[in-house]
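> Please find one structure pasted underneath; my questions will follow.
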Amino acid sequence: IFGTPGLFPVFNVYDVIDLKMKQCKKPIYPVLPSILTAKEEVDDFISKGRINFPDEVSLGNALARVYNAPGPAPEEIELPEVDHTKIRSIIDSVGNGYLEPQQVQELLDAAGINRAGEAVAKTADEAVKFAEELGLPVVMKVVGPVHKSDVGGVVLNVKSTEQVRSEFERMIQIKDTTAILLQPMLSGMELFAGAKYEEKFGHMILCGMGGIFIEVLKDVAAELSPISKDKALEMIRSLKSYKILEGVRGQEGINIEMFAENLARLSALVNTAPEIFEMDLNPLLGNKKQVVAVDARIRVEK
């Protein structure tokens, strides 16, 4: 552990640490907290292929993760089979920004991620027709606004064609709305899965329970992609809410294996399409029989 108030250059100290890390048979983990007062020295140290822990807590957390790892990661991570050709065709044909619902559906299908049936209506008559085909009751969501619930753009349990028509007329007036998406009304435990690109690291795969668990309790597991199904199972089991996912006090749990399969397929998707900057499956609805993506958004940055 070495820190400095920055009153004079300390390149020589960092050079000694670098030398001793080469010579010593025991591992040396540098904790160099002066990332501002000795920024140039720390940057020079890291440029030599060294690492730095800015405080002892981050070092402790890293060592704990290594100690608790069940074993070395395999050299080749086994990913589920996905339709690489279809995925690349879609990604190559789009620009930057959030994808349209049809493009999102096609990517989920190409990745083998189970999703709810849906249709996009641009007129009230189309909305009624699609609702009858999907089967009432349905869920209606605006297409266009990113945060649908915040603008009153999500209506659950729409039970009649008359209500479908009236809700369409109301929702289509919401700012930035271009169409209305309809889905069958499904039941299950709300889950979350996502991916986000982090510069210098690649994609992070995230999972947790949906609703209050992710928004308030911040109960989220994260791993660097690519991840196998086995790693996805480890992520799920690390959640504080895992017992709830298994089922407690008479409440039905979810199919853990299917949830893990979706996470592995999400990883395979971003592995095939690194241009995906962020992706949310929120929520997925899970029960013992299935785990289904009900809402999804994908943002591409090339």
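Each value in this text was obtained by applying a stated rule to the coordinates, not by laboratory testing. If you're wondering where the values come from, they're calculated on a predicted model, not measured in any experiment. As a convention, Cβ positions derive from the backbone with ideal geometry for all residues, glycine included, and neighbour counts pool all protein chains shown.
> Can you pull the semi-axes for region 158-258, root of five times each eigenvalue of the Cα gyration tensor, sorted largest first, whole Å?
33, 21, 12
> Could you order peptides 93-106, 116-129, 280-293 by the average number of other Cβ atoms within 10 Å of their residues, highest first?
280-293, 116-129, 93-106
> Rg and Dmax of region 98-240, Cα atoms, in Å?
17.4, 52
> Something else about it: Between residue 114 and residue 7, take the C-beta separation as r, use R0 = 41 Å, and let me know the FRET efficiency to the nearest 0.05.
Efficiency, from the Cβ-Cβ distance: 0.10.
> ³J(HN,Hα) across region 215-225 via Karplus (A = 6.51, B = -1.76, C = 1.60, θ = phi - 60°), whole Hz, x for Gly/Pro?
Rounded to whole hertz, the list is 7, 10, 8, 6, 8, 9, 9, 9, 8, 6, 7.
> Sticking with this structure for a sec: Roughly speaking, what is the centre-to-centre gap between region 151-224 and region 13-58 when only Cα atoms are used, to the nearest Å?
Going from one Cα centre to the other spans 44 Å.
> For a test of the definition: using alpha carbon positions, the gyration tensor, and the 1.5 limit on a/c, classify region 14-68 as rounded, prolate or oblate.
oblate
> Another one. Can you figure out the FRET efficiency of residue 159 with residue 40, using R₀ = 51 Å and their beta-carbon distance, to the nearest 0.05?
That pair, residue 159 with residue 40, gives E of 0.15.
> Sticking with the crude label model, points 7 Å out along Cα→Cβ, report the distance from residue 275 to residue 85 in nm, one decimal please.
1.9
> Return P(r) of region 117-184 (all Cα-Cα pairs; 5 Å bins starting at 0; whole %; ordered from short to long distances).
Calculated P(r), rounded to whole percents: 4, 22, 35, 26, 11, 2.
> Please give the helix 11-23 orientation as an angle from the longest Cα principal axis of the chain, in degrees from 0 to 90, rounded to the nearest 10.
Orientation of helix 11-23: about 90 degrees from the principal axis.
> Give me the extension gain from residue 16 to residue 132: residue separation times 0.36 nm, minus the current Cα-Cα distance, reported in nm with one decimal.
The span from residue 16 to residue 132 would gain 34.3 nm if fully extended.
> When a footprinting reagent is the concern and you count Cβ atoms within 10 Å, what order do 8, 259, 2 take, fewest first?
The most exposed by this proxy come first: 8, 2, 259.
> How would you rank 84, 203, 147, going from fewest to most other Cβ atoms within 10 Å of each one's own Cβ?
Listed from fewest to most nearby Cβ atoms, that is 147, 84, 203.
> Continuing with the same structure: Quick one: Kirkwood hydrodynamic radius for region 70-164, alpha-carbon pairs, angstrom, one decimal?
After inverting the mean inverse Cα-Cα distance, the result is 16.3 Å.
> Further question: With viscosity set to 0.692 mPa s at 37 °C, what whole-number translational diffusion coefficient in µm²/s follows for the chain from Stokes-Einstein and a Kirkwood radius over Cα pairs?
Roughly 148 µm²/s, to the nearest whole number.
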